[in-house]
Each structure stands twice: as C-alpha cells, then as structure tokens.
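The values are calculated or read from the model by the stated rules, or taken from the named source; none is laboratory data. Bear in mind that the values here come from a model prediction, so they are computed numbers and not experimental data. Neighbour counts run over all protein chains shown; Cβ positions are idealised from the backbone, glycine included. These accessible areas exclude ligands, DNA and RNA; they are computed on the full protein's heavy atoms, side chains included. Shrake-Rupley method; radii C 1.70, N 1.55, O 1.52, S 1.80 Å.
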2 protein chains.
Amino acid sequence: MELWFTELQTKAHGITTKVKQTLHSEQTKYQKLDVIETEEFGTMLVLDGMVMTTDKDEFVYHEMMSHVPLFTHPRPKKVLVVGGGDGGTIREVLKHPSVEKAVLVEIDGQVIEYSKKFLPNIAGELDNPRVEVLVDDGFMHIHQHRNEYDVILIDSTEPVGPATKLFERGFYQGIFEALKDEGLFVAQTDNPWFHGDLIRKVFADVKEIFPITRLYTCNVPTYPSGLWTFTIGSKQHDPLKASLPEQLAFETRYYTPEVHKAAFALPKFVKDLTE
Amino acid sequence: MELWFTELQTKAHGITTKVKQTLHSEQTKYQKLDVIETEEFGTMLVLDGMVMTTDKDEFVYHEMMSHVPLFTHPRPKKVLVVGGGDGGTIREVLKHPSVEKAVLVEIDGQVIEYSKKFLPNIAGELDNPRVEVLVDDGFMHIHQHRNEYDVILIDSTEPVGPATKLFERGFYQGIFEALKDEGLFVAQTDNPWFHGDLIRKVFADVKEIFPITRLYTCNVPTYPSGLWTFTIGSKQHDPLKASLPEQLAFETRYYTPEVHKAAFALPKFVKDLTE
C-alpha cells in the first residue's frame with residue numbers, strides 16, 4: 001500500500017507527496033497538527049492540512065525571512081518572531097551576533113513541542129540562552145509592547161484559522177508602535193498566483209503606516225506556486241539601500257547579498273500588485 | 001465524478017490539478033499528447049504525462065526564454081527555435097522588430113497542429129510571414145547549418161524521449177558552429193531541486209565550448225519545484241552586460257529589464273552547481 005499526502009492549495013490544484021509514515025497527528029487547541037515522513041522532502045510539518053516546513057526546503061523561507069530584514073537594520077539587538085514555532089526563523093536570527101535577545105511568541109505550544117521532537121535541525125536553537133519562548137497570542141503581545149523591538153518577523157500560517165487577525169491593518173499599526181525608531185518588520189504574505197488580492201491589500205495597508213514598504217520573493221517548492229512573498233514595513237532603513245557584507249560570516253544555502261537585492265526585482269505581474 | 005490530472009515530477013512528488021474535460025488525446029509518432037481543460041490553469045498541453053504549457057502561466061517561460069537572449073544580442077536578425085511547437089517562444093521572439101526571420105524546427109507536427117487548435121493565444125503567431133515552420137529533427141537541423149543564426153533557443157521537452165540528444169555535449173558543439181560570430185544560445189535546463197546533476201553537467205559542457213556561460217532562473221508554478229533554469233552559451237555578448245531598454249516597447253507580464261538582471265542572481269545552492 002502506498003500513502004500519499006495531498007494538499008489542495010486552491011480548490012482545483014495542489015501537490016501530492018509520498019509518505020513513508022505518520023510520526024504524529026493530533027487536534028491541538030488551535031489547529032490540526034501532523035508530522036509526516038515523506039520520501040522527497042524528509043520530515044514535514046503540516047498544520048490544518050497545509051505544509052508549513054520540510055527538512056529539504058525549509059532553509060529558503062527561514063533564511064529569506066530573517067537575513068533580509070536583519071541585514072537591513074544596522075544593528076538589530078532585540079528581535080521578535082510571531083508564530084514560527086518550528087524554530088527555523090529563530091535559528092537564522094541567532095546567526096547575527098548583534099542580536100542579544102530573540103523572543104518567540106507562538107500561540108500553539110504543541111507546534112514547538114513536536115518540532116523539537118521531530119525537526120531537531122530546524123528547532124534546535126529554541127533552547128539557546130539568547131532566546132525567550134512564550135506560548136502566547138502574538139496579536140496581544142504586539143499590542144502590549146511599545147518602542148521595544150528592532151526587528152519583528154511575522155512567521156505566521158495562512159490567513160485562515162488562528163492567524164487571520166495577523167493580516168489586518170490594526171495589527172500593522174500595533175507593529176509600528178512596538179518597533180523602535182529605526183525598526184522594521186517583515187511578514188510572510190503568501191503567493192501572487194493564487195492570492196494576489198491578499199498581497200495587494202497587505203501592501204496597501206502597510207504603506208499607509210510605514211514610510212518604506214517593499215515586497216520581495218523567494219522560491220519554496222512545497223509552498224503554493226513555488227513563489228513566496230514577504231512584505232517589509234520600515235521606519236527608516238530601506239532594504240534596497242542596505243550596506244551588505246561582501247562575504248557572509250555564516251553559512252547559507254539560499255541567501256546571498258546578491259540574492260538579497262535581486263529578490264526585490266519583481267516579475268511584472270507581481271510588481272503591479274504594489275502599484 | 002471529479003477528474004484530476006496528476007503529474008509525478010519525481011517518483012515521490014508531484015502536482016495534481018482538476019480537469020474539466022479532455023480536449024484531445026493521442027499517441028503521436030514521438031510521444032503521448034494530451035490537451036486538457038483545467039480549472040486552475042486553463043488549457044494545458046501535456047506531453048508524455050508532463051505539463052508543457054498552460055494558458056495561465058505560459059507567459060513566464062516564453063518571455064524569459066526569449067527576451068533575455070534577444071536583448072543580449074545587439075541586433076538579432078535570424079533566430080532558430082528548436083522544439084517549441086506550441087508557438088509561445090516564437091510569439092515572444094517576433095516582438096523584437098530587428099528579427100527578420102524566425103525558424104521553428106519541431107520534430108512532432110502534431111504538437112503544432114493541436115496547439116494551433118486549442119491554444120490559439122500561444123500558437124497564434126506561427127502563421128506570421130516572418131516565421132518558417134519546419135517539422136524536422138532539430139539535432140539534424142543544427143548540424144546541417146553553419147554560421148547561420150544570431151540566436152538559437154532550445155525549447156525542448158525534458159531529457160527523456162525525443163529530446164534526450166538535445167542535452168548532449170555534441171549538440172552544444174553543433175550549436176556553436178550554427179551560430180554567427182556574435183551569436184548566443186539558450187536552453188531550458190530543468191530545475192535545481194530535483195535535477196541539480198543535469199544542470200551541473202550541461203553548464204560544464206557549455207562552458208567548455210562557449211567563452212561566456214550563464215545560468216538564470218524564473219518561477220513557473222506548473223513546472224517541477226516552481227523554479228526553472230535556463231543555460232546561456234554566448235560567443236561575445238554577456239547577458240549581464242547587455243544594454244537594456246529603460247522602457248520596453250512591448251507588453252510583458254513577467255520580464256522587465258530589472259528581472260533580466262536579477263534572474264542571474266542565483267540562490268547559493270544553485271550557484272554551487274555552476275562552480
């Protein structure tokens with residue numbers, strides 16, 4: 001018998017991937033959580049039927065979410081990650097020696113627990129002494145902090161289920177206030193092939209609040225369409241004018257200073273969503 | 001009853017897409033040819049079970065295969081397309097007014113016939129008077145022509161079936177000789193997630209023959225991994241130093257002069273394949 005996991009990424013299109021075994025499966029307080037071992041992508045974390053991360057391709061999303069904003073800020077000391085319970089973004093954030101404290105606010109403690117158990121290469125830095133892990137509501141956390149963070153990374157699920165309110169204008173206003181004067185934030189904002197309307201709305205909302213708003217992309221094979229976007233809102237520092245190191249002081253598999261700049265050169269139909 | 005078409009892009013991973021109806025299906029002399037109407041991507045051409053092109057995302061591949069080399073050559077007059085029976089590459093080539101003649105050499109006449117019938121937006125320029133369509137073996141055509149073409153575009157299927165010999169070193173040597181002194185060629189070279197070895201081999205082979213060798217990428221949602229590569233071999237003109245127009249004189253949906261340059265900024269793990 002062969003087992004295949006199929007994620008319908010739209011009502012009429014999806015990916016299907018061969019499964020060796022199910023490692024864990026439960027309904028948490030917030031969502032359906034599955035960890036499966038796949039033949040092509042290794043261990044895969046699935047929330048509400050959507051691929052969150054896999055051993056094979058996780059580095060793309062985590063590197064691009066972290067290093068673009070952290071190299072844009074001249075000296076990021078205190079960083080907040082909202083969501084991101086798998087720990088991959090935290091792992092990349094810690095590669096920046098200026099970071100003194102990284103706070104992770106994940107609403108679903110089970111995501112953290114089972115990532116630590118089954119995705120140790122991704123979650124391995126969650127116990128680092130520079131990290132504070134809070135099982136809490138990121139929306140509330142943002143609104144309870146003022147002038148606190150240098151960089152905020154919104155590493156959320158899609159705008160269905162627990163993450164819905166993380167795509168609302170009021171949330172971006174809260175982020176603005178939680179950031180220091182030189183602060184910036186980045187949010188994952190889905191793909192332009194199936195969710196162009198979402199990108200257009202988020203970009204317009206962020207642009208009303210932040211002086212500098214930018215969209216950039218990367219390729220994640222297990223995410224819908226393979227083309228993923230991130231939206232940046234920044235108070236002072238423009239990611240396009242960041243003074244990037246000629247050579248990175250740490251290993252990456254996707255991010256390079258050249259890729260940093262190129263990621264903002266948007267395909268015409270994507271650029272149109274920002275205008 | 002629901003019909004879904006599944007393409008296994010590797011032995012253990014693929015895409016699945018909802019089908020409204022099958023428009024045509026036959027075993028040609030060379031391959032299995034299917035034209036289906038899908039809900040998400042419109043009309044889809046499938047050869048030997050692999051998605052070749054779709055109404056919704058065809059523009060990416062066809063624009064990126066054509067405009068990058070045609071803007072690199074200072075004045076392309078005579079262009080050869082090998083494969084590409086759907087006509088999409090020809091359509092983009094003709095947007096360059098310097099092109100006096102575009103020759104299409106497609107081995108399978110049925111691909112041309114059914115593209116004209118079911119994909120008129122893609123194949124519509126195949127009857128343009130600047131186009132010469134030959135139903136013939138591209139490998140032979142290349143070896144029968146010397147110092148003839150300004151730009152050669154290898155718009156082939158994957159290196160299985162009829163296209164196998166289009167990925168061999170001897171073919172690239174033939175291309176070198178079929179090109180004029182200022183000539184360059186581009187070939188589609190699959191994706192780096194599942195076929196890194198192919199990219200590495202082709203790049204090394206082309207580099208032995210051409211003074212300038214470059215790899216670039218684009219995002220095609222219906223192609224494996226969503227990240228597609230093209231390899232360029234050029235005698236004199238470097239696509240990275242091309243003098244690009246500030247504003248294009250024709251409409252595009254993916255290609256822009258900024259995208260042209262950014263497409264060569266390779267993710268680290270892809271860059272490693274070229275070194």
Any idea how many residues of segment B:58-103 are under 12 Å from the mean Cα position of the chain (by Cα), assigned to a strand (DSSP E or B) and either charged (D, E, K, R) or under 17 Å from B:Thr252 (Cβ atoms) (or both)?
0
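Just the residues that are open to solvent by 30 Å² or more (accessible area, probe 1.4 Å) and at the interface with another protein chain (Cβ under 7 Å from one of its Cβ atoms), please, taken from segment A:243-260.
Taking segment A:243-260 as the starting set, the residues that turn out to be open to solvent by 30 Å² or more (accessible area, probe 1.4 Å) are A:243-251, A:253, A:258.
Within segment A:243-260, A:Arg253, A:Glu258 meet the criteria.
Please verify whether segment A:207-218 includes one or more residues that are assigned to a loop (DSSP other than H, G, I, E, B) and over 20 Å from the mean Cα position of the chain (by Cα). Before the answer, list the steps.
Just the residues of segment A:207-218 that are assigned to a loop (DSSP other than H, G, I, E, B), to begin with: A:210-211.
Filter once more, so that each one left must be over 20 Å from the mean Cα position of the chain (by Cα): A:211.
Within segment A:207-218, one or more residues are assigned to a loop (DSSP other than H, G, I, E, B) and over 20 Å from the mean Cα position of the chain (by Cα).
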For segment A:263-272, what are the residues that are open to solvent by 20 Å² or more (accessible area, probe 1.4 Å) and either assigned to a helix (DSSP H, G or I) or facing chain B (nearest Cβ under 7 Å) (or both)?
A:Ala265, A:Lys268, A:Phe269, A:Lys271, A:Asp272
Given (1) open to solvent by 20 Å² or more (accessible area, probe 1.4 Å); (2) in a strand (DSSP E or B), identify the lone condition not met by A:Leu45.
(1)
Residue list for segment A:92-119, restricted to those being more than 23 Å from A:Tyr30 (Cβ to Cβ) and either among the polar types (S, T, N, Q) or open to solvent by 40 Å² or more (accessible area, probe 1.4 Å) (or both):
A:Lys95, A:Pro97, A:Ser98, A:Glu100, A:Lys101
So, of the residues in segment B:10-20 that are under 19 Å from B:Val160 (Cα atoms) and surrounded by fewer than 20 Cβ atoms within 10 Å (Cβ to Cβ), which turns out to be farthest from the chain's Cα centre (by Cα)?
B:Ala12
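Taking the residues in segment A:132-181 that are assigned to a helix (DSSP H, G or I) and among the polar types (S, T, N, Q) as candidates, determine which candidate is surrounded by the fewest Cβ atoms within 10 Å (Cβ to Cβ).
Among those that are assigned to a helix (DSSP H, G or I) and among the polar types (S, T, N, Q), it is A:Thr164.
Hey, among the residues in segment A:225-236 that are more than 8 Å from chain B (Cβ to nearest Cβ) and open to solvent by less than 40 Å² (accessible area, probe 1.4 Å), which one's nearest to B:Leu227 (Cα to Cα)? Can you show your working first?
Of segment A:225-236, the ones more than 8 Å from chain B (Cβ to nearest Cβ) are A:228-236.
Applying the additional criterion that residues be open to solvent by less than 40 Å² (accessible area, probe 1.4 Å) yields A:228-235.
Working: A:Trp228: 11, A:Thr229: 14, A:Phe230: 17, A:Thr231: 21, A:Ile232: 23, A:Gly233: 27, A:Ser234: 29, A:Lys235: 33 Å.
Ranking the qualifying residues of segment A:225-236, first place goes to A:Trp228.
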